[in-house]
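Asker: Below is the structure I would like to discuss, written out as structure tokens.
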Amino acid sequence: MRICVLDGTEIGDRGQLHDRLASSLELPEWYGRNLDALFDCLTDMREDTEIRLLHKDALTDRLGGYAKALEKVLQEAAEANPKVELSDGL
């Protein structure tokens, strides 16, 4: 199982967020570093993948509405692809 930990206390901006996603999830070269591309990648995943979203308040403080949009994309991708699981914590 692939595990991606997104800790809001460690992510300062959108660039860091997409860097973490790309490396942790081993996203393809064509990954566009935006939420639409993230959704496409997650719904295409064939390997069991868990995304742990920690310290959501800190992430929202740093990224504002983008953090809420991220959470929505992660939830929708998890609903669309049974190989993707979203969890709040360890």
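Asker: I'd like the orientation of helix 35-44 relative to the chain: the angle between its Cα long axis and the longest Cα principal axis, in ° from 0 to 90, rounded to 10.
Answerer: That works out to roughly 30 degrees.
Asker: Okay, next question. By how many nm would the segment from Q75 to E50 grow when fully extended, if each residue of separation counts as 0.36 nm and the alpha-carbon distance is taken off? Kindly include the intermediate steps, with their values, before the conclusion.
Answerer: Working: separation 25, 0.36 × 25 = 9.00 nm, distance 1.16 nm.
That works out to 7.8 nm of additional length.
Asker: Scale the Cα Rg of the chain by the rule-of-thumb value 2.2 N^0.38 Å and send over the ratio, two decimals.
Answerer: On the way: Rg = 11.8 Å, N = 90, 2.2 N^0.38 = 12.2 Å.
After normalising by residue count via 2.2 N^0.38 Å, the value is 0.97.
Asker: How big is the antiparallel share of DSSP beta bridges in the chain, given as a percent to the nearest 5? The partial results should precede the final answer.
Answerer: Details: 0 of 10 bridges.
In the chain, DSSP labels about 0 percent of beta bridges as antiparallel.
Every number in this text was worked out from the coordinates using simple rules, so none of it is lab data. Predicted model, so just to flag it, every value in this text is computed and none were measured.
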